[in-house]
Amino acid sequence: MPAPLEYLAVSCILFGIGIAGVLTRRNLLVILMSIELMLNSANLAFLTFSRLHGQLHGQVIAIFVMTVAAAEAAIGLAIVVALFRQTGSVRIDEATRLRG
Amino acid sequence: MEALFHVATFYVFAAFALAGAAISAFSRRLVYCVFALLLTFLGVAGLYVLLSADFLAAVQVLLYAGGILVLLIFGVMLTHEIADVSTEANFTDIKFGAVISGILWLLLVVYICKVPWAVLDPLPPYAPTTRAIGLQFLGDYLVPFEYSSFVLLLVVLGAATLARKEVD
Amino acid sequence: MNIEYIAGIIKAVTIPVMALNSIPLLVWMERRGSAFIQNRHGPNRANIGPITLFGLLHPFADAIKCVFKEPFRPTKAHPIFYPLAPALVVVPALLTLAVVPLADHIFLMGAEIPMSVAELEYGIVYMFAVSSISVLGITLAGWASNNKFSLMGGLRSTAQMISYELSLGLSIFGALLVYGSLNPNEIARLQGETFFGVIPAWGVLMQPLGFLLFLIAAFAEANRNPFDLPEGESELVAGYHTEYGGMKFSMFMMGEYVAMVTLSALTVTLFFGGWQVPWVTTEALQATVGQPLRVLCQFLAFAGKTLFFCWLFIWVRWTLPRFRYDQLMRLGWKVILPLSIVNVFVTALVLLGLGWMKGTL
């Protein structure tokens, strides 16, 4: 039977991959995906704790996290599309102007 | 027998999730990144089921695989020459990012290992949770629930404003 | 091994096989239907000597042809994703059927066994979750073929399905509010009552607008005419499956037909009483004819209703012309979505009012 440690290990590695993706990638879309990975790992941790304590609060919070993730994806993609219209690419190192 | 099955499925789902995550964060081909994300979402949904949060697993598939992933595919298709199979996505300065993420990750590992975690009871109680979660939303979490609906409304407006073509 | 495991295995094998076996029947219905409606030549030319069997041999000829075609991959197509895409369309369509109840629970050797592969408390959510994966399969097919027409088809279908999935989900909200349950079997059982002792209390009578919106969104979701723009032959050759042939192509067809069966089954479960035989409750039926015959009656009622809706899909396909793309999007976002939100709102108000009248709120 996997202990909480094993679920948390998966969650932790997932989070690490997400951080590495955010910090090393240049494409804004991949950065968005890495953020989704991190949110997923957070959810996994929430559900592990929920299971560990036999309470539902973790599951409720996980649904809120998913709501935030959906909002983040929608706004993020709107920004990506706007950026693409302005600069013709979605590389973050080319997004250097503060005004359109 | 059932415990063995449980362990085996755990490792299969964990492998799916981690392999998908690694591909989607580090692959140079953008389309691989997007579709590997599907693998991660399904693997994580499987882990949710093993944690007896099966309703959450269904919501995860519905929201992530059916919603967010399709949005991301849209993003890829709107902003790239998608017809070109080798749509590439490069790295920035690898050293800097790798060092910082490595440090953060090590901190996480150290703190997780410091806590003496209990072993989960052998058979996860399968109890229907849907109604209980719904009651929580309308009970303890009523204010955050209403607030999140407000946030979603703002997101719709904001996304529409941002992505709208400038009318000159 | 206890009886529940054995029953579970039997159901998990039988129900997909039944769904897959309904495909030749539907293909036959479609070809005969198109022949009747548009005065075309039907499939009744496939024959063994003088035997044509009303065209029933044609599906077999089709199947044999598809199986024995050479599996072929275009040089520029992606080596992994190109064969993976058809599977990603078929498998979710089949998985969706897992929660559809074919009859009321049966009692066997002291155990209560649901007549669906798995009875989930949130079955409707599960159906929507799993069926949303097949969008990705279609998009992947469009991209992996490395063909501009395929890609356009894939893009169109992504936009179309994500737009109409919202309407599909919202249009059943009213019905779900009325039933107060997400469990398909529970929903079917709740429709066994009658109004004034005469009219069966089916969902369509309580949610007529919801049913209409759901039906339109279901046509769009199944990529069927009048919304079959992803594969519009006159514009895109064949859309996302242009580059597919043989068994891979027929897997897309299988996906489409299974999705049709699933959506029909969902329509029947939500709005037409599911396995309910009109005017007869499970208990009354069981007391009269015994359990095996009761299950058979309910299954036949369910299958008959589902086949009717499959026929409706075919009927509409061969009657209506195809929409233009901007008309499709306008219909989805500016007509169906607002109407379904209004439907949810009105339903909630009426339920609130009824609750006040009964004094439960």
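The values are calculated or read from the model by the stated rules, or taken from the named source; none is laboratory data. Every value quoted in this text rests on a predicted model; they were computed, and no experiment measured them. Note that each Cβ is placed from the backbone with ideal geometry, even for glycine, and that neighbours are counted across all protein chains shown.
Figures for the structure shown
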{"read-out": "Residue in the stretch C:68-88 that is within 12 Å of chain B (Cβ to nearest Cβ), touching a residue at least 24 places away in the same chain (Cβ under 8 Å), surrounded by 24 or more Cβ atoms within 10 Å (Cβ to Cβ) and among the small types (Gly, Ala, Ser) present", "value": "yes"}
{"read-out": "Selection within the stretch C:244-300 - under 15 Å from the mean Cα position of the chain (by Cα) and not in a helix (DSSP H, G or I)", "value": "C:Phe272, C:Gly274"}
{"read-out": "Residue satisfying condition, being more than 14 Å from A:Ala62 (Cβ to Cβ), at pLDDT below 80 and at the interface with another protein chain (Cβ under 7 Å from one of its Cβ atoms), within set B:Val70, B:Val85", "value": "B:Val85"}
{"read-out": "Test for B:Leu123: is it more than 7 Å from chain A (Cβ to nearest Cβ), modelled with pLDDT under 85 and surrounded by 10 or more Cβ atoms within 10 Å (Cβ to Cβ)", "value": "yes"}
{"read-out": "Residues satisfying the stated conditions in the stretch C:129-147, i.e. within 11 Å of B:Ala65 (Cα to Cα) and among the aliphatic types (A, V, I, L, M)", "value": "C:Ala129, C:Val130, C:Ile133, C:Val135, C:Leu136"}
{"read-out": "Verdict on A:Leu37 being closer than 27 Å to B:Val99 by Cβ, buried (at least 23 other Cβ atoms within 10 Å of the Cβ) and either touching a residue at least 12 places away in the same chain (Cβ under 8 Å) or more than 7 Å from chain B (Cβ to nearest Cβ) (or both)", "value": "yes"}
{"read-out": "Flag for B:Leu104 being outside any loop (DSSP other than H, G, I, E, B), more than 10 Å from chain C (Cβ to nearest Cβ), modelled with pLDDT of 75 or more and in contact with a helix residue (DSSP H, G or I) (Cβ under 6 Å, 6 or more places away or on another chain)", "value": "yes"}
{"read-out": "Selection count, the stretch C:126-152, where residues are at the interface with chain B (Cβ under 8 Å from one of its Cβ atoms), buried (at least 24 other Cβ atoms within 10 Å of the Cβ) and in a loop (DSSP other than H, G, I, E, B)", "value": "1"}
{"read-out": "Test: residue in the stretch B:8-20 that is facing another protein chain (nearest Cβ under 7 Å), hydroxyl-bearing (Ser, Thr, Tyr) and part of a helix (DSSP H, G or I)", "value": "no"}
{"read-out": "Residue in the stretch A:51-64 that is touching a Gly at 6+ places or on another chain (Cβ under 9 Å), part of a helix (DSSP H, G or I) and at pLDDT 85 or above present", "value": "no"}
{"read-out": "Out of C:Thr242, C:Thr360, sole residue that is surrounded by fewer than 17 Cβ atoms within 10 Å (Cβ to Cβ), polar (S, T, N, Q) and modelled with pLDDT under 85", "value": "C:Thr360"}
{"read-out": "Hey, C:Leu97 assigned to a helix (DSSP H, G or I) and within 24 Å of the chain's Cα centre (by Cα) or not", "value": "yes"}
{"read-out": "So C:Ala301, is it within 30 Å of C:Phe149 (Cα to Cα) and at pLDDT 80 or above", "value": "no"}
{"read-out": "The stretch C:178-210: number of residues that are among the hydrophobic types (A, V, I, L, M, F, W, C), farther than 20 Å from C:Val99 by Cβ and assigned to a helix (DSSP H, G or I)", "value": "4"}
